[in-house]
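So the structure is just underneath, and the comments pick up after that.
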Amino acid sequence: MSIWRRNAVQDKGQQEPAKDPVKESVKRKEDIPLQKVREDLRLAVVFLLPLLAATLMTELAPWLQQYGIIWHVGFMPEQYAPGDGRGIIQMLLLIPILWTGRDFLRQGWKQARSGDPAPALLMLASMGAAVLQSVYTAVMMLTGASYAVLPPLLFFYVGLSLVLSLYSVVLETRWKTLLVHHREGPAAWLLTVAPIIGIIAGLSFFYTGIGSFPAWQIVSGMLVCMYPPVYRLCASWPVAVALEKARKADILVRDGQTLSYAGDVTIMLFDKTGTLSRGTPELKEIRTFNGGGERGLLSLAAAMVQESDLPEAAAVRRAAEGCELPECGMVKQNGDGEFFARCWREDIHFGNWTFMKRYTDLSPEAEEQAQQMADRGEVVWYLIVRRTLYGMFAFSDDLRPETRQVMAELKEMGVRTMVMTGDDRRSGIYLARQSGADQVTADLMPAQKGELVATLRQGGENVSVVGDSVNDVLALLEADLGIAVGRGSKIARDSSRIVLKDSNLEKIPYLLDLSRKCDRTITRNVRIAVFFSLLLWPAALGLTYLMGGPILNLWMLLAAGLLGVLGVALSTLAFRSGKRQFTAPVSDADRAPEDEEEAPPEDESEKAAAEPAVNGNGGSDVTNTDTVKDADTEPAAADGTDAEDGTDKTAESGKPVETDGTEAKPGSCGNNK
C-alpha cells in the first residue's frame with residue numbers, strides 16, 4: 001500500500017493541490033463528537049440487555065416446556081391465540097438500539113451509496129438481511145405459525161453487531177483510526193462471493209424442493225453471516241493500542257492513518273543542524289583576510305545577527321559576549337540564512353557560500369582554508385564587505401549520540417537514509433561518514449529541499465523527512481511523512497504529522513517498527529474474523545441440513561461472533577505486550593559528546609571508496625538534477641567594482657577592529673568562541 005500523495009500536480013505550469021485521502025475520508029465520515037458517540041454506545045448497551053432477555057425467552061422456550069416450565073410472558077392474550085408475540089417484542093426492543101446508532105447507520109448508507117468504501121455496504125447488506133428475515137418471522141409467529149418451522153429471529157444478533165460497531169466508532173473518533181484500506185479488500189471479496197454462492201444454492205433448493213424451509217432463507221443466511229460483527233474492530237483496536245504505545249514513548253502522531261502508513265517509508269531524509277546534530281554549534285575559529293581584524297569582524301557579525309534565531313547566529317552572539325558592537329542600519333535577514341547590513345556606508349554580507357558566492361570569488365588561499373575546515377566537518381560562513389572577503393567563520397556542531405545507531409537500524413529495516421544540508425559538499429561528505437547515512441545532498445536552499453523530496457516521490461519513493469526548523473517546512477509538507485523533533489520551531493511541528501517530543505532519534509526506528517507490527521496485527525485480525533465467518537457458510541448454504549444437521553441459526557451466529565471477538569482481542573493483546581527500552585538521554589546536556597571523528601582519505605581513490613553517494617549541487621544519485629536547481633550555476637551579482645586589495649573597510653572607518661589579524665587574547669572580546 002503506497003503512502004497517500006499530498007503533492008501538487010503539474011499541468012501546463014498550473015499547480016492544483018491533490019486531495020488528502022485522510023481529510024477526504026474524515027469529511028465523508030462527518031465526524032461525530034466523541035462524547036455523543038460514547039453516550040450512544042451506553043444507551044445501546046442498556047437497550048441490548050432487555051433484548052437479550054427476550055431472545056433467551058424465545059430461544060429457550062422449547063427446553064423450558066420440555067421440563068414443564070410454561071413461559072407465558074410474550075404470548076398474546078387468550079382471545080388472540082394461537083398468536084405468538086415474542087418476535088414482535090424483540091423487534092420493538094431493537095428499535096431504540098437502531099435509533100441510538102442512527103448517525104452511524106446514516107453515514108454507512110451515504111458511503112454505500114457512493115460505492116466507497118466496501119465495508120459500509122457489507123455491513124448494511126448483512127444487517128438489512130437479518131432485520132428483514134426477522135420481521136418476516138415475527139409477523140408469521142403473530143399469525144399463528146410455529147417458530148420451529150420459521151427462519152430464526154436475529155434481532156439480538158443485529159443489536160450486538162451494532163453495539164460492537166459503535167464501540168469501534170468510539171475508538172476511531174478518539175484515536176482517529178479510520179483505516180478503510182485495511183478492510184476494503186476482504187469486504188469487497190465477501191460482498192461479491194457470498195451473494196453469488198447464496199443465490200446459486202437457494203435456486204438449487206427451490207427447484208429441487210428438498211428443503212423444509214423457504215429457499216430465500218439460504219440467500220438471507222449468506223448475507224447475514226458474510227459480515228463478522230468484530231470486523232470494524234479488527235483495525236480500530238490495534239491502531240488504538242499502537243497510538244497509546246507511541247504516546248507513552250513521547251511520540252505525537254496526528255492520526256491512525258499516519259501511523260499505519262509510516263511503515264511504508266522507503267527513504268528517509270534528515271536535516272542536519274538541530275536534527276542529526278545537537279543544534280548548538282560553536283564558533284571554533286575566525287580566519288581573517290585583507291587586513292581584517294578578528295575581534296572587529298566578530299563584533300560586526302554579531303551586530304548583524306542579533307535578531308536571528310539560527311543556531312549559527314546564536315554561536316556568534318555567544319562568542320561576541322563582551323564585545324562592543326558597531327551600529328549598523330538596514331539589517332536584514334533572508335529567511336534562508338543570509339544577512340545584510342549597511343555599516344559605515346558600506347554593504348556588508350554574512351552567510352554561507354550558497355549565498356556569498358554571488359558577491360565575491362575566493363582566492364586560492366581562502367579556498368584551500370575553506371576546504372580544510374569543511375574536511376573537518378565544520379560549517380563555514382563568510383563575511384564580505386561589498387565584494388571583498390574579510391573573514392571566514394568556522395562552526396562545529398557535534399552529532400547526537402544516537403545518530404549512528406539510528407542509521408544502522410533503518411538500514412536493517414530496508415529504509416535508505418539521506419542527509420540534506422545547506423552546507424558545502426565537503427562538510428556534507430564528512431557528516432555522512434560520521435552519521436552512517438547512505439547518501440548526502442549538500443548546498444541545498446530550503447526551496448531546493450522541497451524540490452528534492454518531490455523528485456524522489458516522482459521516482460516512486462515513499463519519502464519521510466525529519467526536520468526541526470523553518471528551513472525544513474517545504475520539505476516536511478512535500479514529504480509523504482513529515483517528522484519534526486520537539487525542540488524545533490513551532491512551524492516545523494505544525495507542518496509535520498509526527499512530532500518526537502524529546503527529540504530522541506531512537507524513536508524513529510521504533511515508530512516504523514510499531515507501524516509495521518500494527519499492520520501485521522490488523523491483517524491477522526481480519527483473517528481471524530473472516531475465518532470464523534467462513535465456518536458458518538456450510539450451515540448457511542444448507543450443506544449441514546443435507547447431512548442431517550441444522551441450518552444456520554442464532555446460536556451458530558453468536559458462537560462464531562464471540563469466537564471472532566475473542567480471537568481478535570487475543571491477537572491485539574499480543575501486539576500490546578511488546579516493549580522497548582531507549583538508551584539515548586532525554587536531554588543532550590546529560591551526555592558528553594562522543595569523539596568519533598575519522599581522518600579524511602588521503603587520495604581520491606580512497607575518498608571515492610569512503611564517500612557515500614553525493615550530489616553537491618542540490619541533487620542526488622536518485623533524483624533528477626534538472627528538477628533540483630544547481631546552486632553553483634547562479635550568476636554572480638554585478639554590483640560594481642571590487643574594493644581594492646589590502647583595504648580594510650572596517651579599519652578605514654575608524655571602528656574598533658584589529659588590523660594585525662591576530663587572535664583574540666584570553667579574557668578579552670572573543671574568548672567565548
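Taking the stated definitions as given, is Trp63 out of contact with any Leu (no Cβ under 6 Å at 6 or more places or on another chain), open to solvent by 70 Å² or more (accessible area, probe 1.4 Å), aromatic (Phe, Trp, Tyr) and modelled with pLDDT of 90 or more? Quick ask: steps written out before the conclusion?
Details: out of contact with any Leu (no Cβ under 6 Å at 6 or more places or on another chain): yes; open to solvent by 70 Å² or more (accessible area, probe 1.4 Å): yes; aromatic (Phe, Trp, Tyr): yes; modelled with pLDDT of 90 or more: no.
The answer is no for Trp63.
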Checklist outcome for this item: Residue count, segment 411-436, condition open to solvent by 10 Å² or more (accessible area, probe 1.4 Å) and farther than 28 Å from Asn334 by Cα, comes to 8
Next on the checklist: within 30 Å of Leu410 (Cα to Cα), of a type outside the set (Ser, Thr, Tyr) and assigned to a helix (DSSP H, G or I): is that true of Arg174 in this structure?
Outcome noted: no
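Kindly provide the set of residues from segment 211-237 that are surrounded by 22 or more Cβ atoms within 10 Å (Cβ to Cβ), outside any helix (DSSP H, G or I) and among the aromatic types (Phe, Trp, Tyr), ordered by number.
Tyr227, Tyr231
Being open to solvent by 20 Å² or more (accessible area, probe 1.4 Å) and part of a helix (DSSP H, G or I) is the filter here, so list the residues in segment 239-256 that pass it. Quick ask: steps written out before the conclusion?
We begin by selecting, within segment 239-256, every residue open to solvent by 20 Å² or more (accessible area, probe 1.4 Å); these are 241, 244-245, 247-248, 250, 252-254.
Result: Val241, Glu244, Lys245, Arg247, Lys248.
If you go through segment 115-163 one residue at a time, how many are outside any helix (DSSP H, G or I) and either small (Gly, Ala, Ser) or within 28 Å of Val37 (Cα to Cα) (or both)?
Going residue by residue through segment 115-163, those that are outside any helix (DSSP H, G or I) are 115-117, 143-146, 150-154.
So of that shortlist, the ones also either small (Gly, Ala, Ser) or within 28 Å of Val37 (Cα to Cα) (or both) come out as 115-117, 144-146, 153-154.
Count: 8.
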Item to check | Filtered residue count, segment 437-472, keeping only those that are within 20 Å of Gly263 (Cβ to Cβ), in contact with a strand residue (DSSP E or B) (Cβ under 9 Å, 6 or more places away or on another chain) and not acidic (Asp, Glu) | outcome: 8
Checklist entry - Could you say whether any residue in segment 180-190 is crowded, with 16+ Cβ neighbours inside 10 Å and more than 26 Å from Val241 (Cα to Cα)? => result yes
Checklist entry - Quick one: what pairs do we get from segment 40-65, first residue closer than 19 Å to Ile95 by Cα and among the acidic types (Asp, Glu), second part of a helix (DSSP H, G or I) and at pLDDT below 95, C-beta under 8 Å, 6+ apart or different chains? => result Asp40/Thr100; Asp40/Asp103; Asp40/Phe104; Asp40/Leu166
Checklist entry - Restricting to segment 314-328, what's the tally of residues that are under 22 Å from Val470 (Cα atoms) and open to solvent by less than 10 Å² (accessible area, probe 1.4 Å)? => result 2
Next on the checklist: Considering only segment 150-161, I want to know if a residue exists there that is touching a Ser or Thr at 6+ places or on another chain (Cβ under 8 Å), without any contact (Cβ under 8 Å) to a residue 60 or more places away in the chain and open to solvent by 20 Å² or more (accessible area, probe 1.4 Å).
Outcome noted: yes
Checklist entry - Can you name every residue in segment 531-545 that is buried (at least 19 other Cβ atoms within 10 Å of the Cβ) and either over 14 Å from Gln217 (Cβ atoms) or hydrophobic (A, V, I, L, M, F, W, C) (or both)? => result Phe532, Ser533, Leu536, Trp537, Ala539, Ala540, Leu541
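So which residues in segment 206-254 are under 22 Å from Val135 (Cβ atoms), aromatic (Phe, Trp, Tyr) and in contact (Cβ under 8 Å) with a residue 24 or more places away in the chain, if there are any at all? Walk me through it before giving the result.
So the first thing to find is which residues in segment 206-254 are under 22 Å from Val135 (Cβ atoms), and the list is 206, 211-227, 229.
Checking which are aromatic (Phe, Trp, Tyr) leaves us with 206, 213, 216, 227.
Within segment 206-254, Phe213, Tyr227 meet the criteria.
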Checklist entry - Among the residues of segment 353-377, which ones are modelled with pLDDT under 85 and of a type in the set (Asp, Glu)? => result Asp375
Checklist entry - Any residue at all in segment 292-299 that is assigned to a loop (DSSP other than H, G, I, E, B) and over 30 Å from Val331 (Cα atoms)? => result no
Item to check | segment 466-519: number of residues that are over 26 Å from Ala574 (Cα atoms), open to solvent by 10 Å² or more (accessible area, probe 1.4 Å) and not in a loop (DSSP other than H, G, I, E, B) | outcome: 11
Checklist entry - How many residues are open to solvent by less than 10 Å² (accessible area, probe 1.4 Å) and within 14 Å of the chain's Cα centre (by Cα) if we restrict to segment 451-465? => result 3
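Is it the case that Pro311 is open to solvent by 30 Å² or more (accessible area, probe 1.4 Å) and in contact (Cβ under 8 Å) with a residue 40 or more places away in the chain?
Numbers: open to solvent by 30 Å² or more (accessible area, probe 1.4 Å): yes; in contact (Cβ under 8 Å) with a residue 40 or more places away in the chain: yes.
Against the criterion (open to solvent by 30 Å² or more (accessible area, probe 1.4 Å) and in contact (Cβ under 8 Å) with a residue 40 or more places away in the chain), Pro311 qualifies.
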Checklist entry - Failed condition for Thr523, given (1) surrounded by fewer than 20 Cβ atoms within 10 Å (Cβ to Cβ); (2) over 30 Å from Ile251 (Cα atoms); (3) touching a residue at least 12 places away in the same chain (Cβ under 8 Å); (4) of a type in the set (Ser, Thr, Tyr), with all others met? => result (2)
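Let's see how each residue does on (1) more than 21 Å from Pro446 (Cβ to Cβ); (2) free of Cβ contacts under 8 Å to residues at least 40 places away in the same chain; (3) open to solvent by less than 10 Å² (accessible area, probe 1.4 Å); (4) assigned to a strand (DSSP E or B):
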{"residue": "Met330", "(1), (2), (3), (4)": "yes, yes, no, yes"}
{"residue": "Gln333", "(1), (2), (3), (4)": "no, yes, no, yes"}
{"residue": "Arg342", "(1), (2), (3), (4)": "yes, yes, no, yes"}
{"residue": "His349", "(1), (2), (3), (4)": "no, yes, no, yes"}
{"residue": "Arg358", "(1), (2), (3), (4)": "no, no, no, no"}
{"residue": "Ala366", "(1), (2), (3), (4)": "yes, no, yes, no"}
{"residue": "Leu383", "(1), (2), (3), (4)": "yes, no, yes, yes"}
Checklist outcome for this item: In the set Thr208, Thr280, the lone residue that is open to solvent by 40 Å² or more (accessible area, probe 1.4 Å), of a type in the set (Val, Ile, Thr) and over 30 Å from the mean Cα position of the chain (by Cα) is Thr208
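Please find, within segment 557-591, the residue that is modelled with the highest pLDDT out of those that are open to solvent by less than 70 Å² (accessible area, probe 1.4 Å) and part of a loop (DSSP other than H, G, I, E, B). Break it down stepwise before answering.
Start the filter on segment 557-591 by keeping residues that are open to solvent by less than 70 Å² (accessible area, probe 1.4 Å), which leaves 557-561, 564-565, 567-569, 571-572, 574-575, 578, 582, 584-585, 587-588.
Within this subset, residues satisfying the condition of being part of a loop (DSSP other than H, G, I, E, B) are 578, 582, 584-585, 587.
Working: Gly578: 68, Phe582: 59, Ala584: 50, Pro585: 50, Ser587: 48.
My answer is Gly578.
The values are calculated or read from the model by the stated rules, or taken from the named source; none is laboratory data. What you are looking at is a predicted structure, and each value in this text was computed from that prediction instead of being measured. Please note: Cβ atoms are built from the backbone with ideal geometry, for glycine as well, and neighbour counts cover all protein chains shown. Side chains included, ligands, DNA and RNA excluded: accessible areas come from the protein's heavy atoms. Shrake-Rupley method; radii C 1.70, N 1.55, O 1.52, S 1.80 Å.
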